[in-house]
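Following: one structure in structure tokens, then a few remarks.
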Amino acid sequence: MSLLVAGLVVTGCSAGVSGTPASRQDTTGPFTAQRAFGDPRTVDPCSLTGPFAFQEHGQAQMPAKVTMDECHVTVLVGEEKVTVELGLLRHVDTLPSGQRELRALPGNAAIVEVPTQVTGSCVVALRLADDIAVSATAEAELVDTVPSTTLCALARSGAEGIAEVARTNRVRHWEPPHNSLARQSACGLLPADDVASLLGITERVSLYPAEHQCRWGRSGGASATVKVDFPVGADEGVAGVPGGTPVEELGGRPTWVSQAGTGDIDTCTLVTRHIAFAPQRGEVEFAALRVAVPTSEGKDPCAIGRQLTDYAWPRLPAGD
């Protein structure tokens with residue numbers, strides 16, 4: 001057994017989140033997301049790694065930071081910090097094209113390198129037999145301080161560690177409170193036909209496998225899009241809301257409303273606070289609704305967002 005695998009097997013959940021292991025699955029046949037992770041909505045993403053997973057490349061600082069969908073591990077490479085984010089489940093057809101297979105795995109799975117346009121980062125994913133991928137992204141805190149080969153080695157260690165934890169049935173789950181957003185399907189908050197009519201689009205709805213993120217419309221900026229997601233953090237800044245952003249009463253909830261633009265795209269982010277995030281002390285669940293429209297369309301993204309929150313927010317679980 002390799003040192004990487006041994007470290008993962010011994011340590012289990014490195015972030016200190018209590019939970020239960022996934023029920024034992026058949027170890028033959030296709031290596032699917034269901035077989036690997038069980039219920040994806042309640043996976044503890046920090047159970048997918050351990051403090052020794054990256055020691056060939058640097059020293060992992062523990063405990064890691066856990067969110068609904070990812071585990072964020074800071075690794076010291078010399079004197080430089082690299083964040084490795086693990087656990088985000090996505091449909092393979094939403095990943096950039098040009099993936100490069102690094103290693104074939106039993107059960108029609110593989111470790112693949114995923115192209116990224118983000119400078120100073122590398123993405124490697126475990127691609128499963130049912131076209132679900134779980135990614136590991138390594139990103140240097142400061143650009144050009146860590147060689148790309150090291151970043152990709154860290155990302156690959158993360159993805160291969162996830163595969164080994166899943167294969168040996170060591171994925172753990174947490175039990176969300178009855179009113180946690182972890183139990184809420186993001187796509188269930190808005191009616192697809194009404195969103196399409198409001199935005200003037202025909203593209204399909206894209207639901208992430210763990211159901212904590214949903215997008216209406218096609219990403220890329222050519223047409224309007226809406227996204228709902230459930231970020232976790234100490235304050236609203238984790239959802240992309242700057243300090244001092246005004247609060248409005250929308251859909252029966254206090255809501256931060258932040259408008260921005262790039263010249264080609266106008267955006268609006270609307271965020272409401274929910275309940276304490278049980279696995280991470282001092283952090284809170286938020287619901288975020290994000291609208292982006294091409295400037296050329298002349299639409300006000302915040303006007304669209306206000307209409308949508310009036311529909312979506314009442315469908316959120318009640319707070320504490």
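The values are calculated or read from the model by the stated rules, or taken from the named source; none is laboratory data. Since the structure is predicted, the reported quantities are computational estimates derived from the model, not experimental observations. In this analysis, Cβ positions are derived from the backbone assuming ideal geometry, glycine residues included, and neighbour counts consider all displayed protein chains.
For this structure, a couple of remarks:
- Tally, over segment 76-88, of residues that are surrounded by fewer than 24 Cβ atoms within 10 Å (Cβ to Cβ) and among the hydrophobic types (A, V, I, L, M, F, W, C): 3
- Sole exception among (1) aliphatic (A, V, I, L, M); (2) under 16 Å from SER157 (Cα atoms); (3) surrounded by fewer than 24 Cβ atoms within 10 Å (Cβ to Cβ); (4) modelled with pLDDT under 70 for LEU8, by number: (3)
- Residue in segment 295-308 that is among the charged types (D, E, K, R) and either closer than 22 Å to PRO176 by Cα or in the same structural domain as THR42 (by TED's automatic domain parsing) (or both) present: no
- Residues of segment 293-302 classified as closer than 12 Å to LEU199 by Cβ and in a helix (DSSP H, G or I), total: 2
- Residue satisfying condition, being among the polar types (S, T, N, Q) and over 30 Å from GLY217 (Cβ atoms), within set THR150, THR67: THR150
- The residues of segment 12-57 that are touching a strand residue (DSSP E or B) at 6+ places or on another chain (Cβ under 6 Å), farther than 21 Å from SER135 by Cβ and either modelled with pLDDT of 90 or more or crowded, with 17+ Cβ neighbours inside 10 Å (or both) amount to a single one, GLY19.
- Screening segment 303-320 for residues that are loosely packed, with under 15 Cβ neighbours inside 10 Å and among the hydrophobic types (A, V, I, L, M, F, W, C) and picking the one that is nearest to LEU199 (Cα to Cα) gives ALA303.
- So PRO231, is it within 29 Å of ASP44 (Cα to Cα), surrounded by fewer than 23 Cβ atoms within 10 Å (Cβ to Cβ) and of a type outside the set (Val, Ile, Thr): no
- ALA133 among the small types (Gly, Ala, Ser), more than 18 Å from the chain's Cα centre (by Cα) and either closer than 23 Å to PHE31 by Cβ or surrounded by fewer than 20 Cβ atoms within 10 Å (Cβ to Cβ) (or both): no
- Considering residues of segment 189-206 that are assigned to a helix (DSSP H, G or I) and without any contact (Cβ under 8 Å) to a residue 60 or more places away in the chain only, the residue nearest to the chain's Cα centre (by Cα): ALA192
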